[in-house]
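Read through the structure below, which is laid out as structure tokens, and then see the notes.
The values are calculated or read from the model by the stated rules, or taken from the named source; none is laboratory data. Predicted model only: the values in this text are computed from it and were never measured. A quick note on method: Cβ atoms are made from the backbone with ideal geometry, for glycine too, and the neighbour counts reach across all protein chains shown.
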Amino acid sequence: MKLWLAMVILAGLMIMPPPGRGDAGGGPLTLYEKDRGGTFTLKLGEKLFLYLRNPQSGGYNLKDVIFDKAVLKLASHKKLPPKPSPTPLMGDFGQFFYEWEAVGVGVTDIVITIQRPWEKKPPEKYWRVTVKVTN
């Protein structure tokens, strides 16, 4: 069962487009789960979009979104339902969407943590990138 789920997730990641700034090159920087660990650069006023798989299939809840509010402003955060499919995928709890705007020159990490409600250990780092904002 776990192998099947891993294969489904891997197949979904393979069809996602690479991080980019829209078709014209001037749109928002769009990141996905596979971009974890990367370093990305924005200019003041530019936007960063993030689409992340909902980790609830493993019993996890999102806990904190950690970043420097002097560098980025979280403009939007939504839970998106699973994409409609003739045969719904088992364990597909949809995605989370985040939108940030670059509001100050500097460098910040974006760290998203998760935790199972019944576990006593500290939240785990689920996704992390470094964002540099320039003039």
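Scanning segment 43-56 for residues that are surrounded by 13 or more Cβ atoms within 10 Å (Cβ to Cβ) and part of a strand (DSSP E or B) yields Lys47, Leu48, Phe49, Leu50, Tyr51, Leu52, Arg53.
A quick yes/no check of all residues on (1) surrounded by fewer than 16 Cβ atoms within 10 Å (Cβ to Cβ); (2) touching a Leu at 6+ places or on another chain (Cβ under 8 Å):
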| site | (1), (2) |
| --- | --- |
| Phe67 | no, yes |
| Ala75 | yes, no |
| Lys78 | yes, no |
| Asp92 | no, no |
| Phe96 | no, yes |
| Val107 | yes, no |
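Scanning segment 57-87 for residues that are in contact with a helix residue (DSSP H, G or I) (Cβ under 9 Å, 6 or more places away or on another chain), without any contact (Cβ under 8 Å) to a residue 60 or more places away in the chain and assigned to a strand (DSSP E or B) turns up just one, Asn61.
When Ser57 is tested against (1) modelled with pLDDT of 50 or more; (2) closer than 17 Å to Tyr98 by Cβ, just one condition goes unmet, and that condition is (2). The condition (being within 22 Å of Lys121 (Cβ to Cβ) and either in contact with a Ser or Thr (Cβ under 6 Å, 6 or more places away or on another chain) or not aromatic (Phe, Trp, Tyr) (or both)) is satisfied by just one residue among Gly58, Gly45, Gly94: Gly58.
Applying the set (1) in a strand (DSSP E or B); (2) hydroxyl-bearing (Ser, Thr, Tyr); (3) at pLDDT below 95 to Thr113 leaves exactly one unmet item: (3).
Being at pLDDT below 95 and either small (Gly, Ala, Ser) or in a helix (DSSP H, G or I) (or both) is the filter here, so list the residues in segment 11-42 that pass it. Selection gives Ala11, Gly12, Leu13, Met14, Gly20, Gly22, Ala24, Gly25, Gly26, Gly27, Glu33.
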